[in-house]
Amino acid sequence: MNTVIKREQIQEHNNAYTKKHKVLYNQLSDRLTDEGYDVAKLVGDLQAFQIAIPSWALGAGGTRFGRFQIGGEPRNLYEKIDDVALLHALSGSCNSISLHIPWDIPDDADAIIQHAASNSITFDSVNSNTFQDQKTQKHSYKFGSLAHTDKAVRDQAIEHNTQVVEYGKALKANVLTVWLADGSNFPGQVNFRKSFEYTLDSLQQIYRRLPDDFIMLVEYKPYEPNFYSTVIQDWGSSLLLAMKTGERCYSLVDLGHHLPNTNIEQIVSRLMTEGKLGGFHFNDSKYGDDDLTVGSIKPYQLFLIFHELVEGMRYYKENQRSPAWMIDASHNVKDPLEDLLQSIEAIKLAYAQALLVKHDDLEEAQEVNDVVKAQEILQEAYRTDLRPLLAEARMRNDGALYPLQVYREHNVRSTLIGNRGRTAVATGL
């Protein structure tokens, strides 16, 4: 259970900064009201927007060159839930956790659910792993899993995904995320047609075993760990597989899984048009799948992506399901909890900015090809400092006005190191 930061300490912090916050919030609120915005609705939308935390992001990340220890990492699933509860207490914005199997197998589902519930945390999704071999498996995934030439290997990977779904059912989750590393490093290594057909058949078999309330998300990535070809290399392949697999199968967009300068916001629009945008993994990148802090490199692109999301939800209204939101980052040089707090803030800021876009005015400018006005409408929303709006939403959700400040003032990482040890390593890393 989260005992590192107590509710009284957050309230004490808020009391100290409420006067300063109210001045900033009232100024912004008055301005937005004068411009025709419903401020109460904006704050309510921000309060309701929740982002899942992945179990694997709570420890220090690494690269193929190595991993630097930070200490105090969660040593088991219970401690991971505690860390998510800490983040939620500070931010009021992350009330669920996403599990990676087999890194975080819930040995006692009832006890895990009870522990999570005592912290007001639920389970969002379960993620399968066929990109590395486990000690107990019979066949290797060195040359693929769901796309492998050997049916026995494919059957093993299908069975793993089925077992992951069973863990999800036990935890009352309802989303299975499938990311495949399957592909090739050299021309001629695989038959493109067959590997795609094998993957489709495998996904269809998994899908047929899903409970009625489950959905499946198919993630794509252009390269890595294979560098010549990846079976599900882009949004088109993911969409095709989702459409051929079943009604409850959707594409998942990871912001880092694109080649440099890809127009991700347009991809979002295309997937929403087909009703097949199922989820988001948030991070940021400069060159590839860098898994950097959300909004640290391309904040304007993040805003544009959210603009398409808000516009799409507005246009399609009832027939568009809300995507599953999750942070997916690797914290190589930062305290992972601090990084996640920064990411939560960046995501909600981009969402708030997108809510400010005057869609009717923008559509009117687009219809008459007024390029300058269209740009001004977007940038006016983007350049508005909405941080006081986010702080107000946090406070109304019983979070801290300034979460990172509270985290540092109370030396949370030092406390975690004292409780868990300097050499503690998060499970799965």
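Residues whose amide H falls under 5 Å from that of F123, counting only those 5 or more places apart or on a different chain, are I97, with hydrogens built in the peptide plane. Once C-alpha pairs closer than 8 Å and six or more residues apart are averaged by separation and normalised to the residue number of the chain, the relative contact order reads 23 percent. D by Stokes-Einstein for the chain, Kirkwood Rh over Cα pairs, 10 °C, 1.306 mPa s: 70 µm²/s. Charged side chains reduced to their Cβ positions (Lys and Arg at +1, Asp and Glu at -1) give the chain a dipole of some 1000 debye around its Cα centre.
Counting only whole DSSP H helices of the chain, the ones at least 18 Å long by C-alpha along their axis and with mean Kyte-Doolittle hydropathy no lower than 0.0 are 77-91, 299-316, 336-356.
Hydrodynamic analysis of region 25-89 uses the Kirkwood radius over alpha carbon pairs. Inserted into Stokes-Einstein at 37 °C and 0.692 mPa s, it gives a translational diffusion coefficient of 214 µm²/s. Taking Cα centre as origin and charging only the Cβ of basic (Lys, Arg, +1) and acidic (Asp, Glu, -1) residues, the dipole magnitude of region 1-76 rounds to 440 debye. For region 313-361, the extents of the C-alpha atoms along the principal axes are 43, 23, 11 Å, listed from largest to smallest.
Placing unit charges on each Cβ (+1 for Lys and Arg, -1 for Asp and Glu) gives region 226-314 a dipole about its Cα centre, and among H258, L277, F227 the Cα reaching farthest toward its positive end belongs to L277.
Positive-end ranking of V372, S145, I51 along the dipole of the chain, with charges on Cβ about the Cα centre, is headed by S145. For the chain, the mean residue ellipticity at 222 nm estimated from helices alone is -15500 deg cm²/dmol, where every DSSP H run of n ≥ 4 contributes -39500 (n - 2.57) and the total is divided by all residues, rounded to the nearest 500.
None of the figures in this text is laboratory data; all of them are computed from the coordinates on show. Everything numeric in this text was worked out from a predicted model, so none of it was measured. Counting neighbours? That spans all protein chains shown, and the Cβs are built from the backbone with ideal geometry, glycine included.
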